[in-house]
Amino acid sequence: MLITPSDVKAYTTFKKVKNRPEPQLEMDILEATTEAERYVGHDFSDTDIYDPLPTKVRLALLKLAQFYALINSDESIAKGYKSEKFENYSYTLADGESVRKPDVSVLLRDYVVLPVPKETGNVKMRMRPL
């Protein structure tokens, strides 16, 4: 695990997140990690590069884990009470507060790895006379 439940609790200022049980926070962290890995196109298992975990990646994971902890801990969202979903995952809670999914693309963009095209070994070239 790239970050721990205690890391998330130390980062957040929300009581709901601080009081969330560790097994549930671990699932929130898993959601955050999965999303970050999907965005960058790799996991952060290469210890030569990602040990220690870069500060920007760590912050992105903390922000996403906090978001998922808030969303997953709010019963009104789970039951659909006065919630709104937009493309950017914006929600309105039953008491009128809003929680928006953090945009962590700026934090993660330096770690995006584009897939390498597969080489088939066969090169075909066509030329036409001018």
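Key figures
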| quantity | calculated |
| --- | --- |
| In segment 28-49, the residues that are surrounded by 14 or more Cβ atoms within 10 Å (Cβ to Cβ) and assigned to a helix (DSSP H, G or I) | Asp28, Ile29, Glu31, Ala32, Thr33, Glu35, Ala36, Glu37, Tyr39, Val40 |
| Answer residue from segment 2-43, given it is polar (S, T, N, Q) and under 15 Å from the mean Cα position of the chain (by Cα) and is farthest from Val104 (Cα to Cα) among those | Thr4 |
| Residue match in segment 87-97 (condition: of a type in the set (Gly, Ala, Ser), modelled with pLDDT of 90 or more and exposed (fewer than 13 other Cβ atoms within 10 Å of the Cβ)) | no |
| Tally, over segment 50-70, of residues that are charged (D, E, K, R) and either surrounded by 21 or more Cβ atoms within 10 Å (Cβ to Cβ) or farther than 20 Å from Met27 by Cβ (or both) | 2 |
| Pair list, Cβ under 8 Å, 6 or more apart: segment 34-63 residue in contact (Cβ under 8 Å) with a residue 60 or more places away in the chain, other residue loosely packed, with under 13 Cβ neighbours inside 10 Å and part of a helix (DSSP H, G or I) | Tyr39/Ser105 |
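The values are calculated or read from the model by the stated rules, or taken from the named source; none is laboratory data. All of these numbers come straight from a predicted model, not from anything done at the bench. Every residue, glycine among them, receives a Cβ derived from its backbone with ideal geometry; neighbour counts consider all protein chains shown.
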